[in-house]
Amino acid sequence: MLPDSYFQPRIQNVVPGASAPARSARSRGVLCLAAALAALMLSVGPGGGVRAEVVKSGRPAPGVATQSGAANAATSAVGKTGVLKDLNNANPELKRLRREIADNLKATARRGRLRWPVRYVRYKLRPDENFYFVMAKVSQDADTIASLNSLANPNALGPGESILIPNARGLFLKAKDPATLAKKYQVSRNAMQRAGEFWFLAGQKYRPKEMAYFRGDSFLPPLKTGRVSSRFGMRSDPFTRRRTFHGGLDIAAPRGTAVHASQGGKVIRVASNARGYGKLIVIEHRFGYKTYYGHLSAILVRKGQKVAADQIIGRVGSTGRATGPHLHFEVRKNGQRRNPGVHGVRMK
Ligand SMILES: [Zn+2]
């Protein structure tokens, strides 16, 4: 079950098409801000660390302490990108977008190149709209919108949030070396084009395994039994009683209860006293996902160890910033915290 207050902060630290000199200064500013926010989010513990950081800076940090902040960050990052005001069939901007997508699809299939250069429109979801509705209305596909907007899951998008929609289908991927992408997707290097921080691979789709992650059926509950004591989202901080963002799922269970790996992967961090988290295990999975297991009483794996899905990795405790024995569990994609509930982690 998803919390009513579900919200996924998403920092849009990409400026597609921002290579023009006139826009570079603005882009740099936005990117630095986004990077600073990402670092801030990474540096805080499960609880109130965020608030302390926010107070220090003198004003609310966008995307961290407030719900509208992330959308604002995205808005400024996309700069002069076009805006799609509504999804009414009569809207000329919607018609144009659909036509360009269709033309580009045909041209890619026939000649291996686009008919229209890649451009983007920003769309803010209205009440009752969701990922699938928008996708159907603009005749885009899941892979394109998910990759461009770094969406981890269809449910990670809700009313009031902004996304970028391109006029072509394909994957927007980040890579230090484009040759690795060319090899993975078996395309020629010439078929890839730069799009802000991304490489755009026209006509490409995610591999089936990656789509399984996207649909959210790839992660397992880390405890066999337990009671969800705090969900992902805004909550009243148990220590300070102030409203703060809770970046994971708390599951209360007796001290010593076995903690299982939510998905197979490699242990990249074990800490005996991580700030806020206490005894902590971090596992790296495929496709940019990581899971965090905090407040443990015992750690049963070593750094560098490969673990299988469901393998026992530790035991429930109350180390770090915890009021009682529970597991603090996080799912992150590309460094950003995601709602474990939308990744299939549901406690009975
Ligand atoms: Zn927690």
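The values are calculated or read from the model by the stated rules, or taken from the named source; none is laboratory data. Here the structure is a predicted model, which is why all the values come from computation and not from measurement. Positions of Cβ are generated from backbone atoms using ideal geometry, with glycine treated the same way; all protein chains shown enter the neighbour counts.
Being within 25 Å of Leu151 (Cα to Cα) and in contact with a helix residue (DSSP H, G or I) (Cβ under 9 Å, 6 or more places away or on another chain) narrows it down to one of Glu284, Glu197, so name that one. Before the answer, list the steps.
On the way: Glu284 fails: in contact with a helix residue (DSSP H, G or I) (Cβ under 9 Å, 6 or more places away or on another chain).
Answer to the check: Glu197.
Among the residues of segment 257-272, are any within 13 Å of the ligand (Cβ to nearest atom) and either over 25 Å from the mean Cα position of the chain (by Cα) or assigned by TED's automatic domain parsing to the domain that holds Arg338 (or both)?
Within segment 257-272, the subset within 13 Å of the ligand (Cβ to nearest atom) is none.
No, segment 257-272 contains no residue that is within 13 Å of the ligand (Cβ to nearest atom) and either over 25 Å from the mean Cα position of the chain (by Cα) or assigned by TED's automatic domain parsing to the domain that holds Arg338 (or both).
What's the number of the only condition in (1) under 30 Å from Phe172 (Cα atoms); (2) within 15 Å of the ligand (Cβ to nearest atom) that Arg286 fails to meet?
Single failed check for Arg286: (2).
Got a sec? Which of Gly264, Gly320, Gly256 is surrounded by fewer than 20 Cβ atoms within 10 Å (Cβ to Cβ), over 30 Å from Tyr206 (Cβ atoms) and among the small types (Gly, Ala, Ser)?
Within the list Gly264, Gly320, Gly256, the selection yields Gly256.
Ala136 - would you say it is touching a helix residue (DSSP H, G or I) at 6+ places or on another chain (Cβ under 9 Å), under 17 Å from Arg215 (Cβ atoms) and of a type outside the set (Lys, Arg)?
On the way: touching a helix residue (DSSP H, G or I) at 6+ places or on another chain (Cβ under 9 Å): no; under 17 Å from Arg215 (Cβ atoms): yes; of a type outside the set (Lys, Arg): yes.
Considered against the rule, which asks whether it is touching a helix residue (DSSP H, G or I) at 6+ places or on another chain (Cβ under 9 Å), under 17 Å from Arg215 (Cβ atoms) and of a type outside the set (Lys, Arg), Ala136 comes out as no.
If you check Ala309, Ala322, which single one turns out to be under 15 Å from Gly256 (Cβ atoms), modelled with pLDDT under 95 and aliphatic (A, V, I, L, M)? Let's see the steps before the verdict.
Values: Ala309 fails: under 15 Å from Gly256 (Cβ atoms).
Sole residue among the options that is under 15 Å from Gly256 (Cβ atoms), modelled with pLDDT under 95 and aliphatic (A, V, I, L, M): Ala322.
If Ala308 satisfies all but one of (1) more than 13 Å from the ligand (Cβ to nearest atom); (2) over 19 Å from Tyr213 (Cβ atoms); (3) of a type in the set (A, V, I, L, M), what's the number of the condition it fails?
Condition (2) is where Ala308 drops out.
I'd like the full set of residues that are over 23 Å from the mean Cα position of the chain (by Cα) and either within 13 Å of the ligand (Cβ to nearest atom) or touching a residue at least 60 places away in the same chain (Cβ under 8 Å) (or both), limited to segment 237-256.
Asp237, Pro238, Phe239, Thr240, Arg242, Ala252, Ala253, Pro254, Arg255, Gly256
May I ask you to verify whether Leu300 is within 13 Å of the ligand (Cβ to nearest atom) and not basic (Lys, Arg)?
Working: within 13 Å of the ligand (Cβ to nearest atom): no; not basic (Lys, Arg): yes.
No: the conditions fail for Leu300.
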